[in-house]
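Below: the structure, in structure tokens.
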Amino acid sequence: MGNYVETNGIRLHYLERPGDGPTLLLAPGLAAGAHFYLSLMDRLAPRLHVIAFDLRGRGASDKPDNGYTMADHAADMIGAMDALDIDRVAFGGHSFGGLLTYVMAAYYPERIERGVVIDAPAEVDPTVLEQIKPTLDRLEMTFPSWDEYISLVKGMPYYAGWVWDPALEVFYQSDLEELPDGRVQSVCRPDNIRQAVEGTLEVDWHHTVGRIEQPMLFIRATEPFGPPGYPPIVPEDKAKLTMERLQHGEYAEFPGNHITFLFGDTAGYVADRIVDFVTG
């Protein structure tokens, strides 16, 4: 399911939902893909025209051995926009995709009208690696079957006490490939994802975010994420700091953690806020 576009010598996969409103391009989180947004896309369209990408190294997109800096990802997005004959858009992203949104708005202001940053602070704290460690560990593992794989996923601390949403299961299914012996593993390659993490640590985020002049919507999940005892991905103090750095920022927060607040009923509220912002 989906389409492909050639950009910077690679092929990127994307999902699209037509709509009568402005175009919103979405970039996923660190080890996620376009299917992560299916629930949100169905709530955004047809009020918006929505396109969600698998970034290089993720999902059904090509997986070159290198080229995973933030500048590389941004160049891929500009190339994809050119190939799709899209001049100016609203650009948004969750987590890693939110960081990419800062970069896109800061360095391609002629192409990005406004940005939607979903749960990504205006700086990267190396301790975030501990919060996402279960996700990175999952990329290293193989599983005898889909049933064992999804059982492990549902047991992650992210989902403790949460009523499981089948829409999230669709994403995890899209993230899998079957090996010749019948085992399954994530389609993301750990080395590529580590390169992407290293790329976030190389950016001067204070300078980058300070360059942004377009309107920006910053959305925060309020509940803890990661191993027991860890705070939300964006604690309140970092949210405040982010808003201080944005010249024209709007703020919204919703219940749920870094993943769960984009599914279930809350996804509808998030979508309504995004539509209000993107349509002006």
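Just checking, does the range 243-260 include any residue being surrounded by fewer than 17 Cβ atoms within 10 Å (Cβ to Cβ), in contact with an Asp or Glu (Cβ under 9 Å, 6 or more places away or on another chain) and more than 24 Å from residue 114 (Cβ to Cβ)? Looking through the range 243-260, at least one residue is surrounded by fewer than 17 Cβ atoms within 10 Å (Cβ to Cβ), in contact with an Asp or Glu (Cβ under 9 Å, 6 or more places away or on another chain) and more than 24 Å from residue 114 (Cβ to Cβ). In the set (1) touching a residue at least 40 places away in the same chain (Cβ under 8 Å); (2) surrounded by fewer than 20 Cβ atoms within 10 Å (Cβ to Cβ); (3) in a helix (DSSP H, G or I); (4) charged (D, E, K, R), residue 76 fails one condition alone, (2). Residue 103 meets all of the listed conditions (1) out of contact with any strand residue (DSSP E or B) (no Cβ under 7 Å at 6 or more places or on another chain); (2) in a loop (DSSP other than H, G, I, E, B) but one, namely (2). Of all residues being touching a helix residue (DSSP H, G or I) at 6+ places or on another chain (Cβ under 7 Å) and in a helix (DSSP H, G or I) in the range 174-191, which is nearest to residue 150 (Cα to Cα)? Just the residue, please. For the range 174-191, the residue satisfying everything is 174. Checking each residue in the range 208-233 for being among the β-branched types (Val, Ile, Thr), outside any helix (DSSP H, G or I) and either modelled with pLDDT of 95 or more or closer than 20 Å to residue 74 by Cβ (or both) picks out 212, 219, 222. Exactly one residue out of 259, 274 is touching a residue at least 60 places away in the same chain (Cβ under 8 Å) and touching a Phe, Trp or Tyr at 6+ places or on another chain (Cβ under 8 Å), and it is 259.
Search the range 156-190 for residues being among the small types (Gly, Ala, Ser) and more than 21 Å from the chain's Cα centre (by Cα), and hand back the single one that is nearest to residue 55 (Cα to Cα). My answer is 182. Inside the range 14-36, residues that are in contact with an Asp or Glu (Cβ under 8 Å, 6 or more places away or on another chain), part of a strand (DSSP E or B) and crowded, with 24+ Cβ neighbours inside 10 Å make up a count of 0.
When 205, 164 are checked against the criterion of being among the hydrophobic types (A, V, I, L, M, F, W, C), under 22 Å from residue 133 (Cα atoms) and either crowded, with 18+ Cβ neighbours inside 10 Å or without any contact (Cβ under 8 Å) to a residue 40 or more places away in the chain (or both), 164 stands alone in meeting it.
When 211, 189, 183 are screened for being out of contact with any Lys or Arg (no Cβ under 7 Å at 6 or more places or on another chain) and under 26 Å from residue 101 (Cα atoms), only 211 passes.
The values are calculated or read from the model by the stated rules, or taken from the named source; none is laboratory data. Since the model is a prediction, treat every value here as computed from it, not as a measurement. So basically every Cβ, Gly included, is an ideal-geometry build from the backbone, and we count neighbours across all protein chains shown.
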